[in-house]
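Asker: Take a look at the following structure, please.
The values are calculated or read from the model by the stated rules, or taken from the named source; none is laboratory data. Since the model is a prediction, treat every value here as computed from it, not as a measurement. Note: ideal-geometry Cβ built from the backbone for every residue, glycine included; neighbour counts use all protein chains shown.
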Amino acid sequence: MSTMKRLLLLFTMALTLTRVNAQSVQITREHLIALTPDWKGERFPDGRPKVPDNIIKRMKAVSVEEAWATLSNAGYRYQIAEDWQMINPDSVLVGRAVTATFMPGRPDVWKAVDSIGRKEGRRAQNVWAVEMLVKGDVYVADQFGAKKNGPTIGDNVGNAIYARTGNGIVYDGALRDLEGLKEIGGFTSYYTSYDPSYHNPGMGASRDLTTMIVGINQPTRIRTVTVMPGDVVLGKMGVVVFIPPHLAERIVTTSEIVRLRDMFGHQRLREGKYTAGQIDTRWADEIEKDFSKWLNDHLNELPVPKETIQQFLKDRTW
């Protein structure tokens with residue numbers, strides 16, 4: 001092979017590698033759609049599933065146990081992540097996941113990724129995914145638990161995230177500027193640890209490169225959960241549930257019916273109409289009929305969308 005042909009081959013390989021690397025940081029629309037085939041609804045321009053706003057709003061009232069039960073029955077048994085520190089622990093975090101995956105810094109890979117980003121007009125890697133966020137999103141980042149020289153989020157980036165989303169974060173790594181982050185109203189967040197240091201955004205003899213971004217809206221891992229972009233994030237009671245988009249409405253509706261059954265059961269127990277043994281087991285037909293009548297009689301008074309109740313009654317056999 002001549003020298004010229006060898007150079008041309010190397011040049012072609014370099015171009016191909018650059019295109020592969022570019023695609024490996026931010027997922028393509030086609031790839032993301034292929035990885036989320038069970039979602040049949042609306043999508044964002046980049047292909048991310050867009051669960052409707054009313055489902056997101058109603059999800060806030062879903063308990064962790066209710067979400068877990070429906071997920072488990074559907075075969076999704078590893079969707080809950082635990083062991084978090086929290087900002088605003090008394091609030092609920094709900095939104096659509098935008099995922100970011102970081103890895104320990106390696107100079108040659110960092111340089112290749114950063115070069116691709118600069119050609120696209122991007123600057124510091126820690127905000128590449130942040131700049132894509134929209135209202136209702138939750139920034140979900142696998143920071144591989146990095147602590148010293150690891151934080152990619154402080155109060156400046158935190159304010160930027162909140163301004164874009166109105167939400168907090170799920171962040172498997174160390175945060176810095178916790179006092180400033182806690183001053184952001186509504187920034188309900190789950191994180192692994194705190195450290196006053198910060199990640200090093202560049203390279204050089206005096207820099208200790210510790211993190212680099214390798215994936216945006218790719219499948220990522222948070223604790224023992226595989227998280228997909230567009231998953232509905234439900235954070236409460238110190239744990240985070242990641243709900244596949246195609247199961248979100250089922251979980252909300254199931255939760256609302258369970259809530260109504262609890263309201264009915266508690267009321268009838270207070271009235272002395274049924275015993276605890278009758279309510280705390282599979283209901284007899286007479287109780288089910290009583291429940292259906294109770295729903296009809298209180299259709300406009302119950303804290304659940306009327307459409308949910310009407311559909312439930314329509315599907316009943318009595």
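This table checks each residue for (1) of a type in the set (Lys, Arg); (2) touching a Pro at 6+ places or on another chain (Cβ under 7 Å).
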residue: Arg123; (1), (2): yes, no
residue: Leu133; (1), (2): no, no
residue: Asp137; (1), (2): no, no
residue: Ala146; (1), (2): no, no
residue: Gly154; (1), (2): no, no
residue: Asn159; (1), (2): no, no
residue: Thr165; (1), (2): no, no
residue: Phe187; (1), (2): no, no
residue: His199; (1), (2): no, yes
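Asker: Are there any pairs, at least 6 apart or on different chains, whose C-beta atoms fall under 8 Å, with the first in the range 300-314 and in the same structural domain as Ser255 (by TED's automatic domain parsing) and the second charged (D, E, K, R) and crowded, with 17+ Cβ neighbours inside 10 Å, and if so, which?
Answerer: Pairs that qualify, where the first residue is in the same structural domain as Ser255 (by TED's automatic domain parsing) and the partner is charged (D, E, K, R) and crowded, with 17+ Cβ neighbours inside 10 Å, are Pro303/Arg259; Val304/Glu256; Val304/Arg259; Pro305/Arg58; Pro305/Glu256; Thr308/Glu256.
Asker: Among the residues of the range 21-39, is there at least one that is assigned to a loop (DSSP other than H, G, I, E, B), assigned by TED's automatic domain parsing to the domain that holds Gly235, buried (at least 18 other Cβ atoms within 10 Å of the Cβ) and touching a Ser or Thr at 6+ places or on another chain (Cβ under 8 Å)?
Answerer: No, there is no match, as no residue in the range 21-39 is assigned to a loop (DSSP other than H, G, I, E, B), assigned by TED's automatic domain parsing to the domain that holds Gly235, buried (at least 18 other Cβ atoms within 10 Å of the Cβ) and touching a Ser or Thr at 6+ places or on another chain (Cβ under 8 Å).
Asker: Just give me the residues in the range 270-314 being assigned to a loop (DSSP other than H, G, I, E, B) and among the small types (Gly, Ala, Ser), in sequence order.
Answerer: Kept after step one, since they are assigned to a loop (DSSP other than H, G, I, E, B), are these residues of the range 270-314: 272-275, 280-284, 298-305.
Residues satisfying the conditions are Gly272, Ala284.
Asker: Can you tell me which residue is farthest from Gly235 (Cα to Cα) among those in the range 161-173 that are touching a Phe, Trp or Tyr at 6+ places or on another chain (Cβ under 6 Å) and assigned to a strand (DSSP E or B)? Give the steps one after another, and end with the answer.
Answerer: At the first step, the residues of the range 161-173 found to be touching a Phe, Trp or Tyr at 6+ places or on another chain (Cβ under 6 Å) are 161-162, 168-171.
Checking which are assigned to a strand (DSSP E or B) leaves us with 169-171.
Details: Ile169: 10, Val170: 9, Tyr171: 12 Å.
Residue satisfying both the conditions and the ranking: Tyr171.
Asker: When the range 155-185 is examined, which residues are found to be surrounded by fewer than 20 Cβ atoms within 10 Å (Cβ to Cβ) and in contact with a Leu (Cβ under 7 Å, 6 or more places away or on another chain)?
Answerer: The answer is Asp155, Arg164.
Asker: Okay, next question. Out of all the residues in the range 100-125, which are β-branched (Val, Ile, Thr) and touching a strand residue (DSSP E or B) at 6+ places or on another chain (Cβ under 7 Å)? If you could, list the steps in order and put the result at the bottom.
Answerer: Of all residues in the range 100-125, those β-branched (Val, Ile, Thr) come to 101, 109, 113, 116.
Scanning the range 100-125 gives Thr101, Val109, Val113.
Asker: Quick one: which of Asn217, Asn149 is closer than 26 Å to Ile56 by Cβ and in contact with a Ser or Thr (Cβ under 6 Å, 6 or more places away or on another chain)? Steps first, answer last, please.
Answerer: Numbers: Asn149 fails: closer than 26 Å to Ile56 by Cβ.
After applying the criteria, what remains is Asn217.
Asker: Going by what's in this entry, would Asn217 be described as assigned by TED's automatic domain parsing to the domain that holds Asp155, in contact with a Leu (Cβ under 7 Å, 6 or more places away or on another chain) and at pLDDT below 95? Please lay out each step first, then the result.
Answerer: Details: assigned by TED's automatic domain parsing to the domain that holds Asp155: yes; in contact with a Leu (Cβ under 7 Å, 6 or more places away or on another chain): yes; at pLDDT below 95: no.
Taking the combined requirement at face value, the residue does not satisfy it.
Asker: Working only within the range 80-112, note down all residues that are surrounded by fewer than 16 Cβ atoms within 10 Å (Cβ to Cβ), of a type in the set (A, V, I, L, M) and out of contact with any Gly (no Cβ under 8 Å at 6 or more places or on another chain).
Answerer: Within the range 80-112, Val109 is the sole residue that qualifies.
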